[in-house]
1. Show the residue pairs meeting these rules: Cβ distance below 8 Å; 6+ apart or different chains; first residue within the range A:331-343 and more than 15 Å from A:Y265 (Cβ to Cβ); second residue at pLDDT 95 or above and surrounded by fewer than 17 Cβ atoms within 10 Å (Cβ to Cβ).
2. Report yes if A:F277 is touching a Ser or Thr at 6+ places or on another chain (Cβ under 9 Å), in contact (Cβ under 8 Å) with a residue 24 or more places away in the chain, farther than 30 Å from B:I236 by Cβ and not polar (S, T, N, Q), otherwise no.
3. Could you run through the range A:368-402 and say how many residues are assigned to a loop (DSSP other than H, G, I, E, B) and within 12 Å of chain B (Cβ to nearest Cβ)?
4. Is there a residue in the range B:169-181 that is within 13 Å of the chain's Cα centre (by Cα) and either within 14 Å of chain A (Cβ to nearest Cβ) or of a type in the set (K, R) (or both)?
5. With the checklist (1) assigned to a helix (DSSP H, G or I); (2) within 23 Å of A:C148 (Cβ to Cβ); (3) without any contact (Cβ under 8 Å) to a residue 60 or more places away in the chain in hand, flag the one item A:E61 doesn't pass.
6. Out of all the residues in the range A:1-29, which are in contact with a Ser or Thr (Cβ under 7 Å, 6 or more places away or on another chain) and either open to solvent by 50 Å² or more (accessible area, probe 1.4 Å) or more than 14 Å from every other protein chain (Cβ to nearest Cβ) (or both)?
7. Open to solvent by 20 Å² or more (accessible area, probe 1.4 Å), assigned to a helix (DSSP H, G or I) and within 11 Å of chain A (Cβ to nearest Cβ), is that true of B:L126?
8. With the structure loaded, tell me whether A:D221 is closer than 20 Å to A:S264 by Cβ and either open to solvent by 20 Å² or more (accessible area, probe 1.4 Å) or within 14 Å of chain B (Cβ to nearest Cβ) (or both) or whether it fails that test.
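The values are calculated or read from the model by the stated rules, or taken from the named source; none is laboratory data. Note that the structure is a prediction, hence the values are computed from the model and not measured. Neighbour counts are summed over all protein chains in view; Cβ atoms, including those assigned to glycine, are modelled from backbone coordinates with ideal geometry. Accessible surface is based on the protein model in full, side chains and every heavy atom, while ligands, DNA and RNA are left aside. Shrake-Rupley method; radii C 1.70, N 1.55, O 1.52, S 1.80 Å.
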Amino acid sequence: MAKADFEIPDIENGVSVPAIKPGAMAHVKYHAASEAHLSKLGFPAKRVDNWKEVALAKMNELMGKYKSLKLFLDVCVKCGACADKCHYFLGTGDPNNMPVARQELMRKVYRKNFTLGGKLFGGLARAEDLTEEVLREWMTYFHQCSQCRRCSVFCPFGIDTAEISMAAREIMDSIGVGQKYTLEIIAKVHDTGNNLGIPKDALIGTLEFLEEDVKEATGVDVKFPLDQKGAEVMLIVPSADFFSSPHVDSLVGYAKVFHAAGISYTFSSHASEFANFGMFIGSYDNTKKIATRIADAGRELGVKRIVVGECGHAYRVAYSFWNTLAGPFDYLDKNHAVPTHICEFTEELIRRNALRLDKSANDEFTVTYHDSCNVARASRMGTEPGGQFEIPRNILKAVCNKYVEMDPEANREKTFCCGGGGGLLSDELLEVRVKGAAPKAAALKEVMDNQGVNTMAMICAICKAQFTKVLPYYDIPMEAVAGVHQLVGNAIQLGGK
Amino acid sequence: MSGLSPLSLVYVVLSYAGAAVFFGGLLHKLWGYAVTPNPLSIPVTPHPATMGGVVARNLINITLFADLFKGNRWTWAGGYAFHVILIAVFARHLRLFIHPVSPLLAQIQPVALLGAMLLPLPLIYLLIRRKAVDRYAWISSPADYFVLLLLLLIALSGLGLRFVNHADITGIKHFLLGLVMFSPVDMPPHPAFIIHFTLALMLAAYFPFSKLMHAGGVFFSPTRTMVDDPRERRHINPWAAK
């Protein structure tokens with residue numbers, strides 16, 4: 001078991017609702033963004049002198065721009081249905097990690113400054129000014145929300161804490177208070193086209209290496225083309241797929257699918273990143289800029305379709321926001337969904353019997369599937385609601401002999417976040433990440449102990465990075481983490497049909 | 001209004017002021033919800049991809065509290081009982097504001113009376129619930145208890161009016177109809193009624209400024225009311241449109 005200087009939740013018999021422990025996670029702080037990154041993204045380089053006034057003005061502006069924020073600040077009845085639904089609360093017991101209480105951090109400021117009751121009755125209404133201390137609470141607890149939307153599934157009014165935490169981060173950025181991890185990454189994607197800051201030369205080198213690698217393993221010339229004008233498909237993947245493990249194994253899987261289907265595709269060096277961290281900080285402008293970069297790349301390359309790889313929040317942005325932010329995509333073939341998820345693409349080929357698959361290639365794995373939060377609760381695959389659950393499962397059942405479901409109370413629309421989403425995948429937040437992973441780790445452990453599962457497949461780059469890091473704290477080997485297309489890649493038979 | 005007693009004059013003014021605050025505040029809030037844009041498509045999925053499906057899902061949610069049922073059965077039981085009984089109580093009171101009373105409304109009066117008699121029970125349950133569970137106690141503010149207590153006092157004073165200090169129901173109806181028809185008449189100087197009526201006016205005036213706005217807000221929630229079709233139909237952000 002990986003060692004930690006904090007207590008690891010006991011998941012042996014599942015995770016039950018903890019007694020509240022006020023302040024349990026108040027000590028966890030993110031690293032502050034640099035002045036260079038703040039100003040690069042259009043925010044003040046350091047905290048402005050009249051920060052309180054600026055923050056309240058920003059809050060007022062956002063309430064006028066977002067129906068969600070305006071409504072959600074008003075209509076919560078504090079019924080508590082969400083109180084035991086957040087993985088960070090279940091893993092830490094800190095009451096400020098109950099979604100309703102996290103929202104209260106902003107709602108109390110709203111009441112104090114924007115409602116009659118709060119102005120007249122202050123304390124009785126639990127109204128509070130945006131003091132230095134409240135700002136500290138915002139910095140802490142709005143970075144213990146992975147914007148996974150699990151709370152909103154159970155809310156009688158559909159209140160989504162993600163909307164509140166995005167707004168809170170936008171307000172903080174607007175006064176020059178920002179988180180290093182997300183801002184640094186967004187700055188990199190604006191500069192280089194990807195989150196890791198990979199220059200074009202390095203990308204070319206990696207893709208060449210992968211071609212050789214696959215050739216050596218299979219004897220087949222599987223291509224990893226870059227900037228190939230006139231290709232049928234532009235494939236956009238999270239940049240982690242180029243360099244991280246097990247991400248890269250899914251990248252090989254995508255390439256094999258294109259090869260086997262005989263459909264030409266290309267990566268883009270201008271837009272070599274699917275992730276869009278602009279959403280995490282609630283920044284419309286930054287989200288749009290990143291999305292537009294991708295739309296421009298596709299237009300430039302003259303492709304007919306855009307297919308996207310395994311990344312959860314990025315799929316939310318692509319599925320739900322691209323059309324608004326960077327559309328219309330009128331240069332693409334109208335017979336295909338924009339974007340098409342790689343799982344939709346592969347599953348259609350499987351249904352058409354266009355892939356030769358050998359399930360026994362995955363016989364060493366007993367596989368379960370983890371629904372990534374943003375795919376599950378903020379997007380769809382196929383034409384039917386819930387296609388985002390069925391399509392990846394259909395693929396897994398087509399490429400593996402041994403497939404097992406986890407507890408549906410911890411999966412599908414009720415899936416627990418990996419604990420690293422929403423811009424929390426940063427080392428200094430490790431304690432939050434490990435504890436927040438407890439509910440999902442417990443669901444996985446249950447099928448590992450009782451049904452012999454040794455592999456959890458998923459379609460999110462952040463989930464993969466997070467789980468490989470935190471599952472060892474629960475005595476689960478990081479090798480249990482796999483991409484869906486990693487398993488597709490194992491099973492796919494190349495060469496003539 | 002010249003012939004009114006001083007007490008009646010005060011209450012006629014208070015009634016119209018209360019109604020003005022209630023309806024004015026309500027419309028102001030609802031208007032705000034209606035005109036504030038949804039810049040992005042944000043339904044919580046899985047969610048219907050057609051308007052018909054969205055309407056059906058919301059009807060089920062609003063009539064059965066389906067999402068809350070998913071969230072917590074105990075809270076659902078108390079909350080649902082309270083709201084159903086509240087409808088019965090409204091049906092009970094409607095006869096005081098309408099003349100002549102329709103046969104249907106007359107027929108349901110016994111059921112509505114039974115409902116009214118039960119009203120304190122879910123309220124007491126919801127009050128205890130807030131205290132009994134550490135999570136709910138932590139999130140509950142004085143405002144949350146205030147609403148429940150106010151509703152409980154209204155319910156108890158109403159029951160007192162019916163069973164203890166029996167009021168002149170014809171006089172009350174005259175007074176209320178007079179208010180509705182904008183030709184006020186004297187208010188029956190009946191202590192239990194005055195208490196009940198005062199508390200009800202307080203609730204009406206408090207409504208638009210409180211979490212009670214969930215009653216109107218639920219119809220505007222973007223995560224529930226937007227159609228999940230962003231790939232099929234381009235959602236335009238009004239404030240970003242050039």
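1. Pairs that qualify, where the first residue is more than 15 Å from A:Y265 (Cβ to Cβ) and the partner is at pLDDT 95 or above and surrounded by fewer than 17 Cβ atoms within 10 Å (Cβ to Cβ), are A:Y331/A:R299; A:Y331/A:G302.
2. So A:F277 fails the test.
3. 9
4. No: zero hits.
5. In the conditions (1) assigned to a helix (DSSP H, G or I); (2) within 23 Å of A:C148 (Cβ to Cβ); (3) without any contact (Cβ under 8 Å) to a residue 60 or more places away in the chain, A:E61 misses (2) alone.
6. Hits for the range A:1-29 are A:M25, A:A26, A:V28, A:K29.
7. Working: open to solvent by 20 Å² or more (accessible area, probe 1.4 Å): yes; assigned to a helix (DSSP H, G or I): yes; within 11 Å of chain A (Cβ to nearest Cβ): yes.
For B:L126, the condition - open to solvent by 20 Å² or more (accessible area, probe 1.4 Å), assigned to a helix (DSSP H, G or I) and within 11 Å of chain A (Cβ to nearest Cβ) - is met.
8. Yes: the conditions hold for A:D221.
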